[in-house]
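Asks: Below is the structure I would like to discuss, written out as structure tokens.
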Amino acid sequence: MTPTHVPIYVASLGPANLRLTGELADGWIGNSFFPETADAFLNPIRDGAVSAGRTLADLDLTVSVGIEFTTTSGRPDVATLKVTPSHSARWVQRRRTTTTKHSPARATATTFGLGTNLVGTDDLIRERLRLYRNAGITTLRAGLQGDVANDLQTQIDDLGRLLDLVGEVNAET
């Protein structure tokens, strides 16, 4: 009987654990990930992969994102983000509900929510998808709004819309 390979994915954050992920794992599960600062996570993973005779391309780099399509051209306020695909989005929601309207903590929560999720118009989401792609992220784990019992058709429509945008961005390369 031939043994079956079971892929190992690691959700790591600190430099030593990121390096270990690069050395040993098949994939990385990223949380609290800003594509604009991807090197903070990916450089240690790359270093670990190289030390094991691999490259970063040998790993599946996955990141959780919430999805919220809007119709306005400006960035929406994160208070409207109902999805919580990870602990980071839940943290944003807690910070949003426990801080005053113009406090630095609230502004930080908004920046964090918008930087780690796909929120906005098709053009804004396309722009964010390019950043993830250019950073080297290979898989986005998308959290859709609502619940299946009440919003199944909306979720299906949003997923189709997201897949269309991903297809467009991938066709650019």
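Asks: Which residues' amide hydrogens lie under 5 Å from the amide hydrogen of Gly143, considering only partners 5 or more residues apart or on another chain, with H built in the peptide plane?
Replies: Val65, Gly66, Ile67
Asks: Per residue of the stretch 5-17, what does 6.51 cos²θ - 1.76 cosθ + 1.60 with θ = phi - 60° give for ³J(HN,Hα)? Whole Hz please, x for Gly and Pro, Karplus curve as stated.
Replies: Karplus-based 3J(HN,Hα) across the stretch 5-17 equals 7, 9, x, 10, 10, 10, 9, 10, 10, x, x, 5, 6 Hz.
Asks: Right, here's the next one. Run the quick spin-label model on Thr138 and Leu159: label points 7 Å from Cα toward the beta carbon, then report their separation in nm to one decimal.
Replies: 2.3 nm
Asks: Check Trp28: other-chain or 5+ apart residues with amide H under 5 Å from its amide H, H built from backbone geometry?
Replies: HN-HN under 5 Å from Trp28: Val10, Asp60, Leu61, Thr62.
Since every read-out is calculated from the coordinates, none of them should be taken as a lab result. All of these numbers come straight from a predicted model, not from anything done at the bench. All Cβ positions, even for glycine, are placed from backbone atoms using ideal geometry, and neighbour counts span all protein chains on display.
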